[in-house]
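Worksheet: the structure to be examined is printed underneath.
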């Protein structure tokens, strides 16, 4: 694929000096992931810096969800390295990575559907011990999503799709994450709800939480994010600042329907 | 009764027994001493056999009657009971590895092998009624005498109503494609249940009974027969229940029995299948009526099971009948001391014949057979009949006419081959143990009398 | 076992298991709530009339079952009088209490790793023998029968120690036999569970022998507490039912209120999401086995205090019936298992009382077949959103 002033990710990485880890919240170095014999990700490198919103776009099956699952430790890469907050997390289980400060609102929301909304949020704070902090964050989630306050004692499984998405994001927030991984927060939502959710995402980011975002709606994603990565069949095809990606004719043709 | 399969625990030394049995004993066949006049000139080989479970789970049961029967053969040879003829002995084991104990298929194979040996004139066995079902048709076709020391299922010889019960399902007639060549020296469950019913209705004077069984052929048969005879004796069965051996609580049935005003609970089955647990549950329900069972209940486990509940002396006053302890009969004293001296070198428990209730039955069964063979020789001019089948037929005919006084007392057979030596002793739990009350006998027409 | 996909909601104390909605859940744009077509059992090959009847039976299964049981109780009362009715209710409650405690162990393990832990019934037996051992080593029999205070002390010793030993047994079984098969095809751990069951039975057979073993604990509590209408209620009866209810209440509170309890519930409902919340799955599963086995130990002590005997293989049979209770209540659902245990106790006793004891177990398994046919999610696997 041609570059139009955008740089291929690998080149960027090779250019970065070892000491430049400081601001990198997430760094993937040449990750290979296999499902059985199927090569889901090959040589994926990616980085997310402190305070950014980074969008991960691409068509279905390109490996976006797999990338997030690899970051949060649900999948182990066959080769390559995942570094979080400057350190390698090789051999760490997902529960340990969660405790490092990675909040993940996974694909399909994966709520504890037979627990109440409040219990779901509490589970998000499972690894925390600071009661006052938890209370503050709960209040913050309820402020972000006033609907959840009304539904606090309702079973999560009985909520509507939009409300469930709010719980999923809220649950991830409850761990007071330094970085938030969001997998398709707009999937299946009415347009008005999509706007509301993205409003909240920007608000979360403005309070200092780094965000890595997967989104079908590439335009919306890139408009929200400062930078973007384009995945194609398991590899990073393009990366760069959002404005440049939006301007790229290839991206416009393939993802923005222009 | 049908012996429940034992566990795999104790380590037996049955290999040694097998060697001993295989060597057998045979007389030189030339001597003519000890009053065998007329048959001293007997020529030829006559074989007798045992077919009993000797290995696996049955190794604590079968070897006793086998050793006793072998002792009878050894003694017969020592006394030249068959005159100049050679008396051979074969021991067969009807256990299989597959069944870890007695196996009807193995029994049938053993009988087929013995039947083709023209010198075999009779077999002592089998131990279990289920094996008898497979063996009786084979011996009947071969005209070969089969004498069981321990089969108590009435349906092996007599058609009674219970034989068609789904848990039993024995077509007695089909067991005998040829002549009736099956005998037994032990009383049957039919006779036991007549005595049990008599005890309940006439001795204890209890008019209403709740009848339980353990769904197995022995227990179900005993219960059905008990109910029938109890009704005939003027009693009333107020309820029945048939529960699998895995049942661990009988509170539902005990409550029903209480509510129906039963004066007696009868349990047909074994202790392993809950006889003692019924008594325990009667205790917790405060039901203070007697429990009566058959020989399946008369053991120490009954007492510990019954006393395991809140009332630790709940077993007291329970009744069970059982064949009289053969080791306590005056007539058996000589046998048991001979057994002890003959097998003193064997490992425990096989060196003590009193450790198993059927030891003396194996001994008498073999002696009854040997007496019958001898009487055929005597009546045939001191020689075995030339034709093997004729010989076997004559042995069976001689068995029918048996009048033998042995370790068990006086043995004779009714037309079905069942022994007329039918004592059953009523036991009552007193001070933590079954104590004999009285011994009862039943005659061919069903009259029960106290035996002296 | 059964089709149990997409049951988004149930009473709050439910534990997981039946629900694996997650990504499979479809979301409607209207925001009215998620819906998924219910698989109600035998619908594909039968006619519309049967389908309608099936739906009706499925919906009112719990009510039908309760009505049948109430009718059976009433029938017993009419036929035999109130005193037998009362006695049988007492018998059913005592039996049901034990089934309920054992059923909870099945349901917890199934809820969290979708395994029918066939060894659970044998853990019950083994822990009964632990209690016997502890009682004999510490001479608790004489302590318990000496005075009321002694009895309380003996109970306060034997319950925690046996439950601890049983809990460790359960944890070891999971660690040795099931953990490495967690991602294997479903059949592999199932067969392993049967193998573990045989192993425990074999060990118990070697150490305890083939016959009933008297536990002596039945002598700990005896005597009549009171009588209602001619039905004598013993202290043992009160103890059995009271202890079972107390333990179930404690478990319910634990699962609902505590951190570990919530971790167990969330792991049961969605293991991936639990991981993402920072929950240590292995430790949570170990805790589940620990608690399930400890409850089996409590059930075994209660059993031996009521019945006074144990046998090497009683647990397997009792376990199968308790498992039926767990399915009846909705496998994975703790409250369901508790209620299921008592219902099975009722069916066992009143089935036996009315139709004869030989039918008790047949009836229980008939109910199992019916529930798998008409209501595979069990009585408490209620789908709130599809009720509309």
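The values are calculated or read from the model by the stated rules, or taken from the named source; none is laboratory data. Remember, it's a predicted structure, so these values are computed and weren't measured experimentally. We place every Cβ from the backbone using ideal geometry, glycine too, and count neighbours over all the protein chains shown.
Scanning segment A:55-89 for residues that are surrounded by fewer than 17 Cβ atoms within 10 Å (Cβ to Cβ) and more than 17 Å from residue A:36 (Cα to Cα) yields A:59, A:60, A:81, A:86, A:87, A:88.
Starting from residues that are surrounded by fewer than 24 Cβ atoms within 10 Å (Cβ to Cβ) and touching a residue at least 40 places away in the same chain (Cβ under 8 Å), keep the ones in segment B:134-146 and report whichever is farthest from residue B:182 (Cα to Cα). Filtering first and then ranking leaves B:142. Residue C:151 - would you say it is surrounded by fewer than 21 Cβ atoms within 10 Å (Cβ to Cβ) and either part of a helix (DSSP H, G or I) or in contact with a strand residue (DSSP E or B) (Cβ under 8 Å, 6 or more places away or on another chain) (or both)? Taking the combined requirement at face value, the residue satisfies it.
Residues that are under 22 Å from the mean Cα position of the chain (by Cα), within 9 Å of another protein chain (Cβ to nearest Cβ) and free of Cβ contacts under 8 Å to residues at least 60 places away in the same chain within segment C:235-265 comprise C:262, C:263, listed in sequence order.
For segment C:363-382, the criterion of being within 12 Å of chain B (Cβ to nearest Cβ), touching a residue at least 40 places away in the same chain (Cβ under 8 Å), buried (at least 23 other Cβ atoms within 10 Å of the Cβ) and under 24 Å from residue C:245 (Cα atoms) is met by no residue.
Checked across segment B:390-406, the condition of being touching a strand residue (DSSP E or B) at 6+ places or on another chain (Cβ under 9 Å) and closer than 15 Å to residue B:323 by Cβ holds for no residue.
Residues that are more than 12 Å from every other protein chain (Cβ to nearest Cβ), surrounded by fewer than 24 Cβ atoms within 10 Å (Cβ to Cβ) and in contact (Cβ under 8 Å) with a residue 24 or more places away in the chain within segment B:265-289 comprise just one, B:289. A residue that is within 22 Å of residue B:295 (Cα to Cα), in the same structural domain as residue B:58 (by TED's automatic domain parsing), modelled with pLDDT of 95 or more and under 19 Å from the mean Cα position of the chain (by Cα) cannot be found anywhere in segment B:106-119. Segment A:135-213 holds helices (runs of 4 or more DSSP H) entirely within its bounds, and those carrying 1 or more residues that are farther than 28 Å from residue A:74 by Cα and within 14 Å of another protein chain (Cβ to nearest Cβ) map to A:146-150, A:191-206. Can you confirm whether segment A:108-124 contains a residue that is in a strand (DSSP E or B) and either in contact (Cβ under 8 Å) with a residue 60 or more places away in the chain or within 14 Å of chain C (Cβ to nearest Cβ) (or both)? Yes, segment A:108-124 contains a residue that is in a strand (DSSP E or B) and either in contact (Cβ under 8 Å) with a residue 60 or more places away in the chain or within 14 Å of chain C (Cβ to nearest Cβ) (or both).
Look at (1) facing another protein chain (nearest Cβ under 7 Å); (2) over 24 Å from the mean Cα position of the chain (by Cα); (3) crowded, with 16+ Cβ neighbours inside 10 Å and you find that residue C:208 fails only one, number (1). The single condition from (1) in the same structural domain as residue B:200 (by TED's automatic domain parsing); (2) farther than 26 Å from residue B:197 by Cα; (3) at pLDDT 90 or above that residue B:294 fails is (2).
The single condition among (1) crowded, with 17+ Cβ neighbours inside 10 Å; (2) outside any loop (DSSP other than H, G, I, E, B); (3) more than 9 Å from chain C (Cβ to nearest Cβ) that residue A:92 does not satisfy is (2).
Of the residues making up segment B:147-167, those that are touching a residue at least 40 places away in the same chain (Cβ under 8 Å) and within 22 Å of residue B:368 (Cα to Cα) number 9. Residues that are within 8 Å of another protein chain (Cβ to nearest Cβ) and assigned to a helix (DSSP H, G or I) within segment B:218-264 comprise B:251, B:252, B:253, B:255, B:256, B:258, B:259, listed in sequence order.
Does at least one position in segment B:141-149 carry a residue that is farther than 23 Å from residue B:219 by Cβ and in a helix (DSSP H, G or I)? Yes; the residues of segment B:141-149 include at least one that is farther than 23 Å from residue B:219 by Cβ and in a helix (DSSP H, G or I). In segment C:221-234, of all residues being outside any strand (DSSP E or B) and within 9 Å of chain B (Cβ to nearest Cβ), the one that is nearest to residue C:303 (Cα to Cα) corresponds to C:221.
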